[in-house]
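J.: Structure incoming, see below.
The values are calculated or read from the model by the stated rules, or taken from the named source; none is laboratory data. Quantities reported herein were computed from a predicted structural model and do not represent experimental measurements. Here the Cβ is made from the backbone with ideal geometry for all residues, glycine too, and neighbour counts use every protein chain on show. Ligands, DNA and RNA are excluded from the accessible area calculation, which covers all protein heavy atoms including side chains. Shrake-Rupley method; radii C 1.70, N 1.55, O 1.52, S 1.80 Å.
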Amino acid sequence: MKQIIISFSIAVITVVLFQTCSSVPLTGRSQLNMIPSSEMLSMSYQQYDVFLKENKLSTNMAEVNMVKQVGGNIQQAVQRYMADNNLSSRLNGYNWDFNLVEDNQVNAWCMPGGKVVVYTGILPVTNDEGGLAVVMGHEIAHAIAEHGNERMSQQLLQQVGAVGLMVAMKDEPAETQALWLSVYGVGTTVGVLLPYSRTQESEADHLGLIFMSMAGYDPYEAPEFWKRMAAGGGAAPPEFLSTHPSYDTRIENITNWIPEALTYYKK
């Protein structure tokens, strides 16, 4: 009897995992995305509205317009890329928005559904539209690659198992929302995404480089931006102790992807 239960559990888990696997655009890596897109978008829009109400939007119209301009250009590039690769359905329910928040943090993020926030503290490092396109392309790529869903799915699977997950998603929305908040780390005063894995960071670098190039921004801007980040970021921990690639590794990878990005680049 015990063996039958174990076999049944394995079969159920296998079916659930098979049905909830998807692939990351461009890289083709298989990922576990068990949270319905509608649930991700609903939680995203709710928390995004709360964040905007509790944080100060920039009144520097030149900088605000630059953020909206670059964001809009990358949005159009994303839509073209997804259409060209028969992935437009992954953008269903997207309601793009781009805002600049008064905050000295060197930071930016994108929630599911295209909700993008840039902090004024990162503008001295981005330097111009090209550098800003590197940042916004990277953050938007995390959302397009559904990295947040993947992290939530992994944590839920660890906590409750495949069968329990189905119950949690159906009957425990409060717990699911709490996990969403822990993954995205968006509270009443800060909007900092918790660290992605090195694999996810590299995917966002790669996909973001393609998006910014399609939007008309020179891909050679990307390694220059990360060099500026490295120069101003202080000592970084050894790569094997960090969830992010080292600056040297990141710059090397991006440089190796530039010939590919140039095939998408249109001035």
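J.: Note down all Cβ pairs under 8 Å where the first residue falls in region 18-29 and is closer than 13 Å to ARG90 by Cβ and of a type outside the set (Gly, Ala, Ser), the second is assigned to a loop (DSSP other than H, G, I, E, B) and at pLDDT 65 or above, and they're at least six residues apart or on different chains.
T.: Close Cβ pairs satisfying both conditions: VAL24/ALA145; VAL24/GLU146; PRO25/ASN85; PRO25/LEU87; PRO25/ALA145.
J.: Out of all the residues in region 53-76, which are open to solvent by 40 Å² or more (accessible area, probe 1.4 Å), within 15 Å of LYS115 (Cβ to Cβ) and among the aliphatic types (A, V, I, L, M)?
T.: The answer is LEU57, and nothing else.
J.: Name every residue in region 206-222 that is open to solvent by 10 Å² or more (accessible area, probe 1.4 Å) and either aliphatic (A, V, I, L, M) or touching a Lys or Arg at 6+ places or on another chain (Cβ under 9 Å) (or both), in order of residue number.
T.: Residues satisfying the conditions are MET214, ALA215, GLY216, ASP218.
J.: When you scan region 41-80, how many residues do you find that are modelled with pLDDT under 95 and either touching a helix residue (DSSP H, G or I) at 6+ places or on another chain (Cβ under 6 Å) or within 28 Å of THR263 (Cα to Cα) (or both)?
T.: Residues flagged as modelled with pLDDT under 95 and either touching a helix residue (DSSP H, G or I) at 6+ places or on another chain (Cβ under 6 Å) or within 28 Å of THR263 (Cα to Cα) (or both) within region 41-80 amount to 1.
J.: Also, quick follow-up: Taking region 57-74 on its own, how many of its residues are among the polar types (S, T, N, Q) and touching a residue at least 60 places away in the same chain (Cβ under 8 Å)?
T.: 4
J.: Is region 58-68 home to any residue that is of a type outside the set (Asp, Glu), touching a Lys or Arg at 6+ places or on another chain (Cβ under 8 Å) and more than 19 Å from SER23 (Cα to Cα)?
T.: no
J.: Give me the strands (runs of 3 or more DSSP E) completely within region 75-142, filtered to those with at least 2 residues that are in contact (Cβ under 8 Å) with a residue 60 or more places away in the chain, ordered by residue number.
T.: Filter on region 75-142 gives 108-111, 115-119.
J.: With within 26 Å of ASN253 (Cα to Cα) and either of a type in the set (Phe, Trp, Tyr) or open to solvent by 10 Å² or more (accessible area, probe 1.4 Å) (or both) as the only criterion, which of HIS138, HIS142, HIS147 stands out?
T.: HIS138
J.: Give me the pairs: first residue in region 246-257 and free of Cβ contacts under 8 Å to residues at least 12 places away in the same chain and within 11 Å of ARG198 (Cβ to Cβ), second residue open to solvent by 50 Å² or more (accessible area, probe 1.4 Å) and not in a helix (DSSP H, G or I), beta-carbon distance under 8 Å, and six or more apart or on different chains, which are they?
T.: SER246/ALA236; SER246/PRO238
J.: Within region 61-79, can you find the residues that are of a type outside the set (Val, Ile, Thr) and closer than 14 Å to TYR217 by Cβ?
T.: Answer for region 61-79, where residues must be of a type outside the set (Val, Ile, Thr) and closer than 14 Å to TYR217 by Cβ: MET66, GLN69, GLY71, GLY72, ASN73, GLN75, GLN76, ALA77.
J.: Next question. Could you go through region 20-33 and let me know if any residue there is in a helix (DSSP H, G or I), at pLDDT 75 or above and either closer than 29 Å to ALA77 by Cβ or within 17 Å of the chain's Cα centre (by Cα) (or both). Talk me through it step by step, then tell me what you get.
T.: Within region 20-33, the first condition is being in a helix (DSSP H, G or I), and the residues that meet it are none.
No; the residues of region 20-33 include none that is in a helix (DSSP H, G or I), at pLDDT 75 or above and either closer than 29 Å to ALA77 by Cβ or within 17 Å of the chain's Cα centre (by Cα) (or both).
J.: Here is a list of conditions, (1) closer than 15 Å to TRP109 by Cβ; (2) at pLDDT 95 or above; (3) part of a loop (DSSP other than H, G, I, E, B), and GLY208 meets all of them except one; can you say which number that is?
T.: (3)
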